1. Out of the residues in the stretch 29-58 that are among the acidic types (Asp, Glu) and either under 16 Å from residue 6 (Cβ atoms) or in a helix (DSSP H, G or I) (or both), which is most open to solvent (accessible area, probe 1.4 Å)?
2. Cβ-Cβ distance below 7 Å, separation of 6 or more or different chains: which pairs start in the stretch 9-29 with a residue that is without any contact (Cβ under 8 Å) to a residue 60 or more places away in the chain and end on one that is open to solvent by less than 70 Å² (accessible area, probe 1.4 Å) and among the charged types (D, E, K, R)?
3. Every residue in the stretch 1-17 that is surrounded by 11 or more Cβ atoms within 10 Å (Cβ to Cβ) and either on the phi > 0 side of the Ramachandran plot or in a strand (DSSP E or B) (or both), please.
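The values are calculated or read from the model by the stated rules, or taken from the named source; none is laboratory data. Only a predicted model underlies this, so the values are computations on that prediction, with no experimental measurement involved. Positions of Cβ are backbone-derived with ideal geometry, glycine not excepted, and every protein chain shown enters the neighbour counts. Please note that ligands, DNA and RNA were not included when accessible areas were found on the heavy atoms of the full protein model with its side chains. Shrake-Rupley method; radii C 1.70, N 1.55, O 1.52, S 1.80 Å.
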Amino acid sequence: MAKVLQLQFKTAGDKNYTLNVDAPKYSLTEQEISDAMVAIIDSAVFLVHGEPIATIKD
């Protein structure tokens with residue numbers, strides 16, 4: 001069974017958003033995942049119903 005990494009965020013309007021990563025690298029650390037999530041937030045690439053991703057939920 002394939003692994004899926006779920007990155008859970010909150011938008012600026014306090015809505016939940018989950019980004020699924022199929023087949024993540026097995027050796028990822030929590031710090032690497034956290035750093036990647038911060039980079040996603042800082043890049044402002046994703047808009048959810050017109051709102052940017054603002055914080056890490058889980």
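1. The initial filter retains those residues of the stretch 29-58 that are among the acidic types (Asp, Glu), namely 30, 32, 35, 42, 51, 58.
Filter once more, so that each one left must be either under 16 Å from residue 6 (Cβ atoms) or in a helix (DSSP H, G or I) (or both): 30, 32, 35, 42, 58.
On the way: 30: 161, 32: 83, 35: 84, 42: 118, 58: 118 Å².
Applying the filter and picking the extreme gives 30.
2. Every condition considered, the pairs that remain are 11/51; 12/51; 13/51; 15/51; 16/10.
3. Residues satisfying the conditions are 5, 7, 8, 9, 10, 11, 16, 17.
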